[in-house]
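Everything below concerns the one structure shown next.
The values are calculated or read from the model by the stated rules, or taken from the named source; none is laboratory data. Note that the coordinates shown come from a computational prediction; the quantities given were computed from them, not determined experimentally. Quick reminder, even Gly has a Cβ in these numbers, built from the backbone with ideal geometry, and neighbours come from all protein chains shown. When the accessible area is computed, the model is the full protein with side chains, heavy atoms only, and any ligands, DNA or RNA have been set aside. Shrake-Rupley method; radii C 1.70, N 1.55, O 1.52, S 1.80 Å.
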Amino acid sequence: MLSKSLVEDVLTAAVSTGGDFAEIFAEDRNDTQLSLVGGKLEKSVSGKIYGIGIRIFNGLNCVYAYTNNSTRDNLIKVAKEAASAIKGAKYNLVLNFNKGEARNIHPIKIMPSSISKFNKVDLMRSAYEAAKGYDPLISQVKVQYLDHNQKVFIANTEGTFVEDNRIRSRIMIQSIASRNGEMQTGIHGPGAQMGYEFFDKIDVNGYAEDSARMAKTMLLADYCPSGKIPVIINNCFGGVLFHESCGHGLEATSVAKKSSVFADKLGEQVASELVTAIDDGTIPNAWGSINIDDEGSKARKNVLIENGILKGYMIDKFNGRRMNMESTGSGRRESYRFAPTSRMTNTYIAAGKSTREEIIANTEYGLFAKSLGGGSVNTSTGEFNFAVTEGYIVKNGKIDRPVRGATLIGTGIEVLEKIDMVGNNVDHGQGMCGSISGSIPVNVGQPTIRVSKMTVGGRDGDK
């Protein structure tokens, strides 16, 4: 993407005023986004992102600049302007690049760009009809499709000189059920770091019908009672609670600043002995997977918590300096417009030994949160408030009835300590995670778990 001689000149300019590390990140990305509402194509956008970011370290100081003009003169000018913010002894730069392409552990069979938009819209219409035809109560269905092809190049003064190609595909189906002025929503959004073959591997219409089922079930449900009760959180996207309330607290972005409840607790018991939590960017073709991170480090499987003991954090290069610890291959960013920082990839709680049926059968009274939606989290304290988008009351060890309007309230570390049953059915859901380095694709995952007691917000009071 950039010649070796140009990279050498830009890095030399970047450290000309005393920087002790410099990095170039170049990106060439093509996006396709389609949106179908009411069975009609509402939006069709094909976009291109191209640009270059230059980052310089001087001890614990960092400067970042970016441009979409990749001419030699401009890149050297940008590097010198960024370097002007650094005041130190001149760094004697010796460059010895280890050129290479990232080993691709996420094979692609069908490039999305080889499929016509007509075929992609046909796929969306099929999903629309499956959801809309599920029940007369389904009043609206929205289907979104996206794919992107991101080529990146990363070089730095430590000798990194590497290229990578990332291809992702995703479809999202949202169904709305309506009756007497009330509305409820069901949604699924499967995605993968995979080509168009992804849609041959999943049951798109099955996801569409299930989104409609979810919306109808919640529309006809009674309101959830409130109280402090056992809560069973389903596998797959239930992992969003761990991601938001604990995962962000394990990123070096907050740990290095001591603004996380997990700071300085390595080796300490922070969770139930049943809990092992992992961030793994190497899962083949997973939505949040990477070959290399956005600093050029290889993807890794990082054990964060093992049998309740805090074992590690997710660390990028700059925060690694603050913490005097090595990068864990966790530096990520949305695009060249953002400096990278520590972020999650595919984060999940590992499997236990119980089946979901055993967990429900061992619960005398509680809430089964089958699906979670959005919420709010204070990442420094782990305090959260999550909406349950599909919930059921469990009574005498059996699913009793669906309930709507439930919210889960608590703190991440409190939940970790009160997990008393862990299922054997790990699965992953897909999402976009926002932070200071932009919005990035991540998997959230877990098996079905039970929290012995949690505050459930509802409308009808204790029952």
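In this structure, Ile399 and Tyr50 have a Cβ-Cβ separation that, at R0 = 45 Å, corresponds to a calculated FRET efficiency of about 0.30. Below 8 Å, C-alpha to C-alpha, sequence gap of six or more: please give me the relative contact order for the stretch 188-311 in percent. Over the stretch 188-311, the number comes to 25 percent.
Note on the stretch 248-262 and the stretch 1-74: Cα centroid distance 27 Å, given to the nearest whole angstrom.
Loop only by DSSP, 14 or fewer other Cβ within 10 Å of the Cβ. Give me the trypsin sites (Lys or Arg not before Pro) in the stretch 109-165 that pass, ordered by residue number. Counting only loop positions with at most 14 other Cβ atoms within 10 Å, the trypsin sites (Lys or Arg not before Pro) in the stretch 109-165 are Lys109. Here the stretch 183-211 and the stretch 396-440 have alpha carbon centers that stand 20 Å from each other.
What is the Cα radius of gyration of the stretch 134-205 over 2.2 N^0.38 Å, N being its residue count?
This ratio for the stretch 134-205 stands at 1.73.
In Å², and per residue, what accessible area does the chain have when probed at 1.4 Å with the other protein chains present?
For the chain, the per-residue accessible area is 41 Å².
Projecting the Cα atoms of Ala299, Leu416, Phe25 onto the charge dipole of the chain, computed from C-beta unit charges around the Cα centre, puts Phe25 farthest toward the positive end.
Here the stretch 175-222 is assigned +1 on the Cβ of each Lys and Arg and -1 on the Cβ of each Asp and Glu. Its dipole about the Cα centre then comes out at about 140 debye. When the C-alpha to C-alpha distance is required to be over 22 Å, the pairs from Lys40/Lys370; Lys353/Lys398; Lys117/Lys201; Lys298/Lys353 that qualify are Lys40/Lys370; Lys298/Lys353. Taking the charge dipole of the chain about its Cα centre, with +1 at Lys and Arg Cβ atoms and -1 at Asp and Glu Cβ atoms, the residue from Thr328, Thr185, Ser116 reaching farthest to the positive side is Ser116.
Based solely on its DSSP helices, what 222 nm [θ] is calculated for the chain when runs of n ≥ 4 H residues each add -39,500 (n - 2.57) and the sum is averaged over all residues, nearest 500 deg cm²/dmol?
My calculation for the chain gives -5000 deg cm²/dmol from helical runs alone.
Within the set of other residues whose C-beta is less than 13 Å from the C-beta of Asp9, count the net charge using Lys and Arg as +1 and Asp and Glu as -1.
Details: positive: Lys4, Arg72, Lys77, Lys80; negative: Glu8, Asp73.
Local charge sum for Asp9: +2.
Heavy atoms only, probe 1.4 angstrom, no DNA, RNA or ligands counted: give me Ile24, Ile108 ranked by accessible area, highest first.
Greatest to least solvent exposure: Ile108, Ile24.
Taken about its Cα centre, the stretch 31-160 carries a charge dipole of roughly 320 debye when the Cβ of each Lys and Arg holds +1 and the Cβ of each Asp and Glu holds -1. Using only alpha-carbon positions in the chain, the gyration tensor eigenvalues give semi-axes of 42, 28, 17 Å once each is multiplied by 5 and square-rooted (largest first). Enumerate the residues in the stretch 223-243 having an amide nitrogen under 14 Å from the point lying 7 Å beyond the Cα of Glu414 toward its Cβ. In the stretch 223-243, the label zone of Glu414 (backbone N under 14 Å from the point 7 Å along Cα→Cβ) covers 227-231. Rolling a 1.4 Å probe over the protein heavy atoms leaves Arg72 with an accessible area of roughly 90 Å².
A simple charge model with +1 on the Cβ of Lys and Arg, -1 on the Cβ of Asp and Glu and nothing else charged puts the dipole of the chain at about 600 debye relative to its Cα centre.
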